[in-house]
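Just so it is clear, none of the values below were taken in a lab; they were calculated from the coordinates. Everything quoted here is computed from the prediction, not taken from an experiment. Here the Cβ positions follow ideal geometry from the backbone for every residue, glycine too, while neighbour counts run over all protein chains shown.
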Amino acid sequence: MSRALASTGFWGLGLSLGVPESWRPSTLHPWRRAGALSRVRRAWVIPPISVSENHKRLPYPLVQIKSDKQPLGSVLYSIQGPGVDEEPRGVFSIDKFTGKVYLNAMLDREQTDRFRLRAFALDLGGSTLEDPTDLEIVVVDQNDNRPAFVREVFVGRVLEGAAPGTYVTKAEATDADDPETDNAALRYSILEQGAPEVFSIDEHTGEIRTVQVGLDREVVAVYNLTLQVADMSGDGLTATASAIISLDDINDNAPEFTRDEFFMEATEAVSGVDVGRLEVEDRDLPGSPNWAARFTILGGDPDGQFAIRTDPKTNEGVLSLVKPLDYESRERHELQVLVQNEAPLQAAAPRAVRGQARVTVWVQDANEAPVFPENPLRTSLAEGAPPGTPVAMFSARDPDTRQLQRLSYSKDYDPEDWLRVDAATGRVLTQRVLSPASPFLKDG
């Protein structure tokens, strides 16, 4: 490609960009006579010279500069600046006799996007013929850099059941090429996410959003997406990354008992013991308030003898006795129990089919100890009463009214061995004269 520039008819500049070697760059004549009476002196005006990065045909002619103050061969040309006598050295050179400027090394726009040089014209004696001029070389970008995501994995979270268009996360990528060119014009896309299409990505911003209704964590909890970014507005070099999107749980599943009725047994006359477990199912996230069960006894326990707590590991209801049961007064207890979550159920969630259950507790009879109606029994005895004197009559009651049992009486404590007890009747008689001096005798 070549360009020809003119300024008021006094000079011309030829640029050689990507042309065969046989082509001669046009020459710049900054000073020419305007008629025979005067000579107009002008500073060199050279427009920026563009050259593509990664140019492999070297040396490559860029431009030719020329002064008309001296005959051909009587002017020495030189250039200075970065790329010549400053780092990076040796990139550019000039033929000191012809003024042709050459590119000697491959350029990388991502390292240096332009070079500003100074050009000089001297006579053979080293005296300045012209004022120095600026020579600007612009490096033209090539699409030699693949776009790159800023991270390998992007992570996002969104509530299950979120409305279409809900923001999830954003993918980001960079491209080292010239941002003013299509070489760095990036476009995002989703290569793979499974079927059906659940998420979309904005091709310009990289924002990922939901597409469909009905995201259900209980069906799919985590989505793995393969993302792509391409330069050249989507038609160039590409790179890939992953996006992991997790669905956060909402309470859209009510807990349910696994059975309509549970049967248990409990021994009478004890408390503070567990009777049995009520198994429930909940599809929400285990360990969360959306999953944790809470049990309520709706009926069948007027005296508050039962309680239900939740096992935090299994989510089962543990039925326990807080007050003792009595087999003789009631052989069976029928409880109506409700199960709910700690967190409120979503309004649109389906209601539980087995949100209530019946719990039947059969009371097991135990051999309970006889009970003295009056304990302690107070009585008095005349001083010096002879052996065989009646003292009292104990009459115990056996709570096990449905069992035929015979009661037997005996002494438990009598350190002076004063008394004897009739085992069949419970009658207490003296068998020795009580000593007033005994320390075991109360009130003399």
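Note: the stretch 319-423, Cα convex hull, 165 Å³ per residue. Cα centroid distance between the stretch 256-298 and the stretch 404-444, in Å? Here the two parts' Cα centres lie 52 Å apart. Note on VAL155 and GLU87: with the Förster distance fixed at 41 Å, the Cβ-Cβ geometry gives a FRET efficiency of about 0.40. In the chain, a dipole from Cβ-located charges (positive for Lys and Arg, negative for Asp and Glu) runs towards its positive end, and of GLY126, PRO179, HIS204 it is GLY126 whose Cα lies farthest in that direction. Extent of the chain along its three principal axes (Cα atoms, max minus min coordinate, largest first): 172, 57, 34 Å. Taking θ as phi - 60° and the Karplus parameters 6.51, -1.76 and 1.60, the scalar couplings of the stretch 377-389 work out to 9, 9, 8, 9, 8, 5, 5, x, 4, x, x, x, 6 Hz in sequence order, x denoting glycine and proline. One decimal place: the segment ASP414-ARG309 gains 33.0 nm when fully extended, by the rule 0.36 nm per residue minus the C-alpha distance. For TYR77, TYR223, the sequence from fewest to most other C-beta atoms within 10 Å is TYR223, TYR77. Across the stretch 408-419, computed HN-Hα scalar couplings (Karplus, 6.51 cos²θ - 1.76 cosθ + 1.60, θ = phi - 60°) run 10, 9, 7, 7, 10, 8, 7, x, 9, 6, 7, 10 Hz from first to last residue, x flagging Gly and Pro. Among ILE190, ILE137, a tally of other beta-carbon atoms within 10 Å of each Cβ gives an order, fewest to most, of ILE190, ILE137. Amide H contacts under 5 Å for GLN364: ALA266, THR267, GLU268, restricted to partners 5 or more places along the chain or on a different chain, H placed in the peptide plane at 1.01 Å from N.
Bridge orientation summary for the stretch 148-248: considering DSSP beta bridges with both residues in this region, about 75 percent are antiparallel. When only alpha carbons are used to place a centre, the stretch 355-386 and the stretch 75-123 end up 116 Å from one another.
One chain, two ends: THR379 and ASP123. Fully extended at 0.36 nm per residue, the span grows by 77.2 nm beyond their Cα-Cα distance. Taking the radius of gyration and the Kirkwood hydrodynamic radius from Cα positions alone, what is the Rg/Rh ratio for the stretch 234-307, to two decimal places? Result for the stretch 234-307 is an Rg/Rh of 1.35. Between THR360 and LEU404, what's the calculated FRET efficiency when r is the beta-carbon distance and R0 is 35 Å? Round to 0.05. FRET efficiency, THR360 to LEU404: 0.80.
Each DSSP beta bridge with both residues in the stretch 256-364 is either parallel or antiparallel, and the antiparallel ones are about 75%. Exposure proxy ranking for ASP326, ASP131, based on other Cβ atoms within 10 angstrom of each Cβ and starting from the fewest, stands as ASP131, ASP326.
When the stretch 148-248 is described by a simple charge dipole with +1 on each Lys and Arg Cβ and -1 on each Asp and Glu Cβ, the residue from TYR223, PHE154, GLY236 located farthest towards its positive end is TYR223.
In order along the stretch 338-344, the phi-based Karplus estimate (6.51 cos²θ - 1.76 cosθ + 1.60, θ = phi - 60°) of 3J(HN,Hα) comes to 10, 10, 9, 8, 5, 8, x Hz; Gly and Pro are listed as x.
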